[in-house]
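**Student:** Got a structure for you, questions after.
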Amino acid sequence: MRHPHRNILVALAGQPNCGKSTVFNMITGARQHVANFPGVTVEKKAGAYRVGESRVDVVDLPGTYSLTSFSQEERIARDFILLERPEVVVVIADGSNLARHLFLFLQLQEMGVPLVLCVNMMDVAARRGLTVDAERLARELGVAVVPTIARRGVGREELRDAIWQTAQRADHVFRSGRIDYGEELEPVLGRLEEALEAREHLMEDFSARWLAVKVMEGDDEARRIVEHHTHDETAPELIDLIDRERAEFQAAQEEPAERLIAQARYRLADRLADACVRKGPGGRVTLTDRVDRFVCHPVLGLLVVATALYLSFTLTFRLSDTWAWIPWPQGWTTPTGAVGWLFDEKLPGLLGGMPEGPLRSLVEDGVIGGVGGVMSFVPIIFFMFVFLAILEDSGFIARIAFLLDRALRHFGLPGNAVLPLIISGGIAGGCAVPGVLATRTLQDERDRLTTMLVAPFMNCGAKIPVYAMLIAAFFAEHEAAILLVMAALSWSVALGAASLLRRTVVRGEQAVFVLELPRYHLPTLGGVLRNAGGRAWLYLRKAGTLILVVNILLWALMYFPRPSAERFREARAEARASLESSAADVAHGELLRGEGLSATRRVTGLLRDAARREDPHALQELAREDPHRYALVTRALDRSEAAEAPVAVVPEAADLDVDAAAVAYAEYLSALERIERERAAVQLRGSLAGRLGRLVEPVSRICGFDWRDNIALIGGVAAKEVIISAMGTAYSLGEVEPPEDAPAASKNPLARRLQADPDWTPLRAFALMVFVMAYAPCFATLLVLWREAGSWKWAVFALLYSTSIAFVLAAIVYQGGQLLGLGV
């Protein structure tokens, strides 16, 4: 008898779409957390509840159809049971499809672990006219059988009681259940069992019957177990015996042993279901059957799927863009949010009081910008996984995979790979970070890795502003056509790369795509929110710190070494002297001299900040505090090309003629802008990034890019959003805001600057678009890919191979266009 105060470890196992997660939520309640299984990136949901003074820890294992070693989920589920030795394994089965779900139960029973069978979805079975005789099934299987309706909480206490009673009886001795595999196979299994039982060290941890069956199935992990636990001089004899018995059996039967084993399990499962499930008169064509007539139709189904995906992803990005409808998180999901709040609210004046220099730049651009880069992904990840959870729990994702499997398999991908590709930007405006995370829906490890490596080729939302700016400058009359070409090109490159990877780096037979179409049902709100919140928190906790470090390193690359500031200081002094000289000739010139100039510049900064934040209250307060200076600065900004935002209200100042002063101040602002642009250009050219850009220019010229483009592309490795601002700085334009759409882009200073540059042509612009589409994933994607693939080597490979593909494509476009005379 187990000590009543000891903790109990329980594992939940089951096939996909059996309601396992709902059962987990039902028995653990709110005491849950999400992590990863040790050494891998598959999520582990763990929870607990108490029975008296004892705690019952519950781990939700990955959904799996079997316990072979063909997929990461199967290996994780099996290894957890074998190595962690849970006191109880609860097998969740769908009561409306019992025979199929008993297949997994029989494999677990063969391992000899203490089991409880939870027959879930009894309400669905009843609607189909099915009645499960739980008592007879318990007698047939020799374990506790508990019927449940998990989404309603029906059967919770009965299941908890069965777990407790089974745990008290469990003595940790693996007693194997036996399946009769037929007169051809049983003698072979008997000989292998006898040979395995002679190894006492091996039998301390594993069942001889289970190992005999697994090695006959050709399970590589089972074979390694035998090799690892057999330490005497007879080990080679045992391995030879296994190989000989398997080869002789398959030669005699002319059929793989694993197929005969699977058939025997299915026969037993069917017999048990026939004996314990009664079919009544209530059976009828279900809603699922009627809906699937349209959804699974080869033509109509594609239209339905396309519509559903379009709505899901449109809502995802709309909600993430309008995150302000939840008032309090808004400030925490912007570059100046979390850390900016700390400086502005908790440490007022600290950032503003910092002198210009490395420390201020580090805090402002490195730390605040880095944290903002991480936080800005949180809304999109959260909402993406909200809709992903809805699609998963409703049963819709299985239909998407079913419809697209045949087409994608030609390129080495399964049908359910389409969802991560669309999330990454298959429908323009996605993001590769949640796209890589969404590959967790793929069961086969090679399929998952291939999809992760090609997902960044999609047109994510950060690439769209680059396209828009270049299209506005060089393809303004063919905007839609060029965007359509880029979308088609991204899919072509992704699928072509997938086909290439499956034939080279990720070689191997493509896994059999086993798919069960579940019934449609409404997801629970709590389950959806827990799913999305857990995944968003996992991203933020694990990716956030690394992204911050990388952002600081990128800042250092573009900040150092610093150029001499003497000539720029002299230029600013000359501009100020010119302003004060002009002020002597205008009315109220004292506003522009000495301390008055400092106050004017302060009002300029406050005015721009308030206008940027679209804060009318701040504008009105500023106008009341100093109406004369407010009027002067407002008119100067209206006259200056440096104005960042229009100011709508100019207070009446009848007693002050500020026109002449405003002209002088506007000229002063323009002079400062020119000096700052020149300083930024000199700084960027001499920085480590600028030197690297010039170093690779001889190679990049093959694609038509010069050193300034190279700097922007290097910055784009950190985040594609950096490309436009970096190009603006490199082309002596200072900060340049990314255009939101093509019409706005046509007014963008960078678009005008490139359009007027004789070295820039439509061919060069298109080559740059192709390169941006295909080259290195951003750092956020690389870091998440590192985590998901389990090795930094795959992140490095993704960086190198995608950039190589981008270089080849851009070179073909540019050099081919030159040969055809299109580079003019």
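**Student:** Inspect the range 128-139 for any residue being β-branched (Val, Ile, Thr) and not in a loop (DSSP other than H, G, I, E, B) and give the result as yes or no.
**Tutor:** So far as the range 128-139 goes, yes, one or more of its residues are β-branched (Val, Ile, Thr) and not in a loop (DSSP other than H, G, I, E, B).
**Student:** Filter the range 77-100 down to the residues that are buried (at least 20 other Cβ atoms within 10 Å of the Cβ), under 31 Å from the mean Cα position of the chain (by Cα) and part of a helix (DSSP H, G or I) and list them by number.
**Tutor:** Selection gives Ala77, Arg78, Phe80.
**Student:** Can I ask one more? Determine if the range 116-136 includes at least one residue that is of a type in the set (Val, Ile, Thr), more than 35 Å from the chain's Cα centre (by Cα) and farther than 29 Å from Leu522 by Cα.
**Tutor:** Checked the range 116-136: no residue is of a type in the set (Val, Ile, Thr), more than 35 Å from the chain's Cα centre (by Cα) and farther than 29 Å from Leu522 by Cα.
**Student:** Can I ask one more? Taking the stated definitions as given, is Glu248 loosely packed, with under 12 Cβ neighbours inside 10 Å, at pLDDT 85 or above and charged (D, E, K, R)?
**Tutor:** yes
**Student:** Being assigned to a helix (DSSP H, G or I), modelled with pLDDT under 85 and either on the phi < 0 side of the Ramachandran plot or more than 24 Å from the chain's Cα centre (by Cα) (or both): is that true of Glu110 here?
**Tutor:** It is false that Glu110 is assigned to a helix (DSSP H, G or I), modelled with pLDDT under 85 and either on the phi < 0 side of the Ramachandran plot or more than 24 Å from the chain's Cα centre (by Cα) (or both).
**Student:** From the residues in the range 392-421 that are aromatic (Phe, Trp, Tyr) and part of a helix (DSSP H, G or I), which one is modelled with the lowest pLDDT?
**Tutor:** That would be Phe402.
**Student:** Hey, another quick one. Do we find a residue being outside any helix (DSSP H, G or I) and among the polar types (S, T, N, Q) anywhere in the range 453-462?
**Tutor:** yes
**Student:** Applying the selection to the range 29-60, what residues are modelled with pLDDT of 80 or more, under 20 Å from Leu525 (Cα atoms) and of a type in the set (A, V, I, L, M)?
**Tutor:** Listed by number, the list holds a single entry, Ala46.
**Student:** Let me ask you something else. Could you list all residues from the range 469-506 that are assigned to a helix (DSSP H, G or I), buried (at least 16 other Cβ atoms within 10 Å of the Cβ) and more than 25 Å from the chain's Cα centre (by Cα)?
**Tutor:** Met469, Leu470, Ile471, Ala472, Ala473, Phe474, Glu479, Ile482
**Student:** Out of the range 471-492, which residues are aliphatic (A, V, I, L, M) and within 19 Å of Ile812 (Cα to Cα)?
**Tutor:** Matches in the range 471-492: Ile482, Val485, Met486, Ala487, Ala488, Leu489.
**Student:** Can you tell me which of Leu61, Leu106 is in contact with a helix residue (DSSP H, G or I) (Cβ under 8 Å, 6 or more places away or on another chain) and surrounded by fewer than 21 Cβ atoms within 10 Å (Cβ to Cβ)?
**Tutor:** Being in contact with a helix residue (DSSP H, G or I) (Cβ under 8 Å, 6 or more places away or on another chain) and surrounded by fewer than 21 Cβ atoms within 10 Å (Cβ to Cβ) holds for just one of Leu61, Leu106, which is Leu106.
**Student:** While we're here: Could you list, in sequence order, all residues of the range 748-804 that are hydroxyl-bearing (Ser, Thr, Tyr) and either in contact with an Asp or Glu (Cβ under 7 Å, 6 or more places away or on another chain) or assigned to a helix (DSSP H, G or I) (or both)?
**Tutor:** If the condition is that a residue be hydroxyl-bearing (Ser, Thr, Tyr) and either in contact with an Asp or Glu (Cβ under 7 Å, 6 or more places away or on another chain) or assigned to a helix (DSSP H, G or I) (or both), then Thr781, Tyr801, Ser802, Thr803, Ser804 are the ones that fit.
**Student:** Let me ask something additional. Is one or more of the residues making up the range 802-823 aromatic (Phe, Trp, Tyr) and surrounded by fewer than 21 Cβ atoms within 10 Å (Cβ to Cβ)?
**Tutor:** yes
**Student:** Of the residues in the range 686-702, how many are closer than 23 Å to Gln815 by Cα and surrounded by fewer than 23 Cβ atoms within 10 Å (Cβ to Cβ)?
**Tutor:** 9
**Student:** Can you confirm whether Met122 is under 25 Å from Gly63 (Cα atoms), crowded, with 20+ Cβ neighbours inside 10 Å and at pLDDT 90 or above?
**Tutor:** The answer is yes for Met122.
**Student:** Which residues, taken from the range 275-290, are in a helix (DSSP H, G or I) and at pLDDT below 90?
**Tutor:** The answer is Leu287, Thr288, Asp289, Arg290.
**Student:** Follow-up. Give me the residue from the range 507-541 that is basic (Lys, Arg), within 23 Å of Ser394 (Cβ to Cβ) and not in a loop (DSSP other than H, G, I, E, B) and, out of that set, modelled with the highest pLDDT.
**Tutor:** Arg530
The values are calculated or read from the model by the stated rules, or taken from the named source; none is laboratory data. Keep in mind it's a predicted model, so treat the numbers as computed, not measured. Methodologically, a virtual Cβ is constructed for each residue, glycine included, from the backbone with ideal geometry; neighbour enumeration extends over all protein chains shown.
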